[in-house]
1. Which of the aspartates and glutamates could a cross-linker span from residue 498 if the Cα-Cα distance has to be under 17 Å and same-chain partners fewer than 8 positions apart are dropped?
2. Rounded to the nearest 10 Å², what accessible area does residue 305 show when all protein chains are kept and the probe is 1.4 Å?
3. Would you give the gap between the C-alpha center of region 1-29 and the C-alpha center of region 203-271, rounded to a whole Å?
4. Only helical DSSP H runs with n ≥ 4 go in: add -39500 (n - 2.57) per run for the chain, normalise by residue count and round the 222 nm mean residue ellipticity to 500 deg cm²/dmol.
5. In the full protein assembly as shown, how much of residue 257 is accessible to a 1.4 Å probe, in Å² to the nearest 10?
6. Only sites in a loop by DSSP and with at most 15 other Cβ atoms within 10 Å count here; which GluC sites (Glu not before Pro) in region 428-500 make the cut?
7. Against the longest alpha carbon principal axis of the chain, how many degrees, from 0 to 90 and to the nearest 10, is the axis of helix 403-443 turned?
8. Can you bin region 12-131 into rounded, prolate or oblate? Criterion: square roots of the alpha carbon gyration tensor eigenvalues sorted a ≥ b ≥ c, rounded for a/c under 1.5, prolate for a/b above b/c, oblate for the rest.
Amino acid sequence: MLKVFLVEDEFVVREGIKNNIDWKSHGYEFCGEASDGELAFPMIQKLKPDIVITDIRMPFMDGLVLSKLIKKELPWIEIIILSGYSEFEYAKEGIKIGIAQYLLKPINGEDLIKEVDSLAVKIEEKHKEREIKEKYMREMKENFLKERKDLFQYLVTGSKSPAELLEISGRLDIDLSAIWYSIVLLKVQSMKHARDEYSNSIIEIEQKIEMLDSKKDLLIFDRNLEGKAFLFKADSKEDMIDFQEKYLYQIKEILDDYENIRYFGGIGEPVNRLRELPFSFESASHAFAHRYLVKDSLILNYKEIKQGIYQEEIKFDIGSMDIKQIDRSKIREFLKFGDKEETIYFVEEFFKDLGNNAMKSNMLRQYIIMDSYFCIAEFVEGLSFAKEEIDPPDSNSGFLQSEENAMDYLIRIVHKALELREKAASNRYGDVVDEVIRYIEDNYADEELSLNVLASHINFSPNHLSMVFSQQAGQTFTRYLTNYRMNKAKELLRCTSKRSSVISMEVGYKDPHYFSYLFKKTQGMTPTQYRGAKAGEGEE
């Protein structure tokens, strides 16, 4: 039921409009009245009516001033102005403000309700249009999130120019403008759940963190299974670091309230150009790679790592060395959960973690490389690949010649192991995507079909399924489902005489208006235009 508010300084006229029209029987709620604009505006702000009927000439605040205030703060409210004056200037001013109707007094109740009814039809159409657009934005949220993730990749890889980055961010309504930037990487893990599952604690933590995204000096990007990335920005280095420290303190307070979770963060170096963000990301990644080397929950600053604050000073000699210091579990942890792009950071930090002198000894360096090789070969065999997929260390590999050569060799075989892990996962996830596609083919007519429904069906988290489907199918789940439904709709439009509203139901859209909106959005024409175009092609 639409709400109507009346502003009129003449008591008799106001009472007549209020009482001589049976508002309720016409489908309206008469929600309030006032004698001038000054009294009316705070009431309108609170009641939020759909239609305001106001006199133009009133003491304290006239109808035109009131209309300007309403349209500025509550632009969806439709306004009808009543005036005993026929001067053209009032009408022109009203048009500029955006009033819906300009009616001359006196006007009887029957004529006024006709005007209100006419306006109500337009309001309902606007409501419907707004609902359709909001529904479309909700359904396309997965596509938006993917575009946002892509933007982060462009930012940290330097694969786009600053002009291109600003164009993409503008399209996504993301403000990248600043003078100083810094990247922080954060990952929160449940100690009780598998990698592809979320505990209630993780969900709660993510929701609390996302609520902080509204700050103008911070952008949060989802990195799927690798956690979150925070892009801090400010007009001065000091302001940015100060805000970053306060924000990360808030994050730690949130995280420390939960048991059975482990978190780890890496703070990158500040930079003062958009094109230098890859450097901030690289330094954050070095700090972030320490999550495979320590057991505690920490947020490490790369600058402090460079200064050796977090590194134990150990002098190695073969006689006193404790072999347990070379911890295979660190390599296994990275092989299971690390990302290929992190390999170089992990290996560099792994070597640093052994101590300043560990890799200077040829004998010790040989032992570390051999032990790492056997660990990696064992992991590869566990993926059902032959250990020969990993090049064994020999005199030709050059790792005995220097620490740098040893590092290059280890980076190469770790990277190869992760490629094999991705290949094994791709084979496994291929079956998952096949199951998703079969489910879509069997259930596309169900309007309730969604990413969340399918994630529950195959026992994945929605984020994980979205990532897997996008990687395997080359498009988001939402886009695939929409395209599948649209193709079915086009087939029905070409091959049957069914009405568009019937076809809408058959392809999973109960609301034919939304179906028409989505069809035009994706196909560039309405269903009726499409049918006419195809019929015309058949006649030629």
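The values are calculated or read from the model by the stated rules, or taken from the named source; none is laboratory data. Just so you know, these numbers come straight off a predicted model, no measurement behind them. So basically every Cβ, Gly included, is an ideal-geometry build from the backbone, and we count neighbours across all protein chains shown. Heavy atoms of the whole protein, side chains included, go into the accessibility calculation; ligands, DNA and RNA do not. Shrake-Rupley method; radii C 1.70, N 1.55, O 1.52, S 1.80 Å.
1. 506, 511
2. The accessible area of residue 305 comes to roughly 20 Å².
3. 53
4. On the way: 21 runs with 300 residues, N = 540.
Here the helix-only value at 222 nm equals -18000 deg cm²/dmol.
5. In the full protein context, residue 257 sits at about 120 Å².
6. On the way: sites: 435, 441, 447, 448, 491; in loops: 447, 448.
Answer in residue order: 447, 448.
7. Approximately 40 degrees, to the nearest ten.
8. On the way: a/c = 1.27, a/b = 1.08, b/c = 1.17.
The shape class here is rounded.
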